[in-house]
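What follows is a short report on a single structure.
Values quoted throughout were computed directly from the atomic coordinates according to the rules given, and no laboratory measurement underlies them. The shown structure was predicted, so the numbers you read here are calculated from the model rather than taken from an experiment. For neighbour counting, all protein chains shown are included, and Cβ atoms are generated from backbone atoms with ideal geometry for every residue, glycine included.
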Amino acid sequence: MKELHRSQEKLLSILKNNVDSPLTIREIQEELGLSSPSVVHHHIQQLEKKGYLKRNPNNSKDYVVMGNPEKSIIYIAKYGTAQCGPKGTILSGNPIDRIPIASRLLKFPAEEAFIVEAKGDSMEPKIKHGDLVIARMQKTAENGDLIVCINHGEVLIKKYTRHNRKTAILHSLNDKYEPFIATDLKVEGIVKNILQYD
């Protein structure tokens with residue numbers, strides 16, 4: 001385990017205790033008794049580098065405190081291909097490969113990540129045939145999320161919207177494919193990263 005400065009230990013404890021109602025940088029500064037917000041930022045960055053903290057770069061209040069620090073390189077299970085088009089395969093319980101990824105690329109715990117390879121052109125231009133898609137395991141989705149899902153036994157990558165409580169609609173990003181109603185939907189995860197294949 002990487003050694004923590006006393007202020008970093010206290011900061012980690014403050015972040016853990018306030019995860020449901022995150023404090024501002026100024027409030028953290030006051031709790032720690034530090035001289036300026038920049039010192040708080042420095043300690044937060046150190047916690048990230050040491051693998052104790054993962055943050056959403058677009059929202060400072062969206063973070064995950066890691067129980068144990070993650071290694072700088074982690075291996076994520078890859079589960080075959082997910083169709084970006086009309087037909088696909090079923091995700092198996094056994095990964096076909098393990099792909100090394102820098103843990104700092106993930107803004108969530110690596111143990112919740114899985115990879116599928118995109119197949120087809122229905123999610124272009126964002127996701128192309130052959131791209132590796134990293135998703136976070138999750139059984140529910142919000143309007144507008146890109147998801148990895150199973151619909152009638154087919155593994156798909158689609159944009160998810162909910163028309164009403166009972167009707168989920170799956171959209172392609174490529175205009176040549178029409179949206180369709182999902183009638184036997186199982187959400188497997190939310191797309192978080194796309195590693196482009198050239």
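With a cut-off of 8 Å between alpha carbons and a minimum separation of six or more residues, what is the relative contact order of the range 147-198 in percent? Provide the component values of the computation, followed by the final result.
Values: 81 pairs, mean separation 19.6, N = 52.
Relative contact order of the range 147-198: 38 percent.
Taking 8 Å as the Cα distance limit and 6 or more residues as the minimum spacing, I'd like the relative contact order of the range 6-65 as a percentage. Could the numbers behind the result be given before it?
Values: 48 pairs, mean separation 20.0, N = 60.
Relative contact order of the range 6-65: 33 percent.
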Proximal lysines to Lys16, defined as alpha-carbon separation beneath 28 angstrom and excluding residues fewer than eight positions away on the same chain
Lys2, Lys49, Lys50, Lys54, Lys61, Lys71, Lys107, Lys139, Lys192
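What FRET efficiency, computed as 1/(1 + (r/R0)^6) with R0 = 22 Å and r the Cβ-Cβ distance, is obtained for Arg104 and His152, rounded to the nearest 0.05?
After rounding, the FRET efficiency stands at 0.05.
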What are the residues whose amide H is under 5 Å from the amide H of Asp62, where those residues sit 5 or more places off or on another chain and H is modelled from the backbone?
Asn56
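Just add up the charged neighbours of Tyr75: K/R +1, D/E -1, any other residue whose Cβ is under 13 Å from the Cβ of Tyr75. Don't skip to the answer; put the middle values down first.
Working: positive: Lys71, Lys78, Arg98; negative: Glu70, Asp97, Glu111.
Every neighbour counted, the sum reads 0.
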For the chain, set up a GNM with springs between Cα atoms under 10 Å and report which of Asn59, Asn94, Asn143 has the largest fluctuation.
Asn59
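Report the relative contact order of the range 73-195, percent, no decimals, based on alpha-carbon pairs under 8 angstrom and at least 6 residues apart. Could the numbers behind the result be given before it?
Details: 314 pairs, mean separation 31.7, N = 123.
Relative CO of the range 73-195 lands at 26 percent.
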Fewest Cβ neighbours within 10 Å first, please rank Met137, Met123 accordingly.
Met137, Met123
Per residue of the range 66-80, in order, report the coupling 6.51 cos²θ - 1.76 cosθ + 1.60 (Karplus, θ = phi - 60°) as ³J(HN,Hα) in whole Hz, putting x for Gly and Pro.
7, x, 10, x, 7, 5, 5, 10, 10, 10, 10, 5, 9, 10, x
Between rounded, prolate and oblate, where does the range 6-65 land on the alpha carbon gyration tensor, with a ≥ b ≥ c its root eigenvalues, rounded for a/c under 1.5, else prolate if a/b exceeds b/c?
rounded
Quick check: convex hull over the Cα atoms of the chain, volume per residue in Å³, rounded to an integer?
141 Å³
Calculate how steeply helix 6-17 sits against the longest principal axis of the alpha-carbon atoms of the chain, using the helix alpha-carbon long axis, and give the answer as 0 to 90 degrees to the nearest 10.
50 degrees
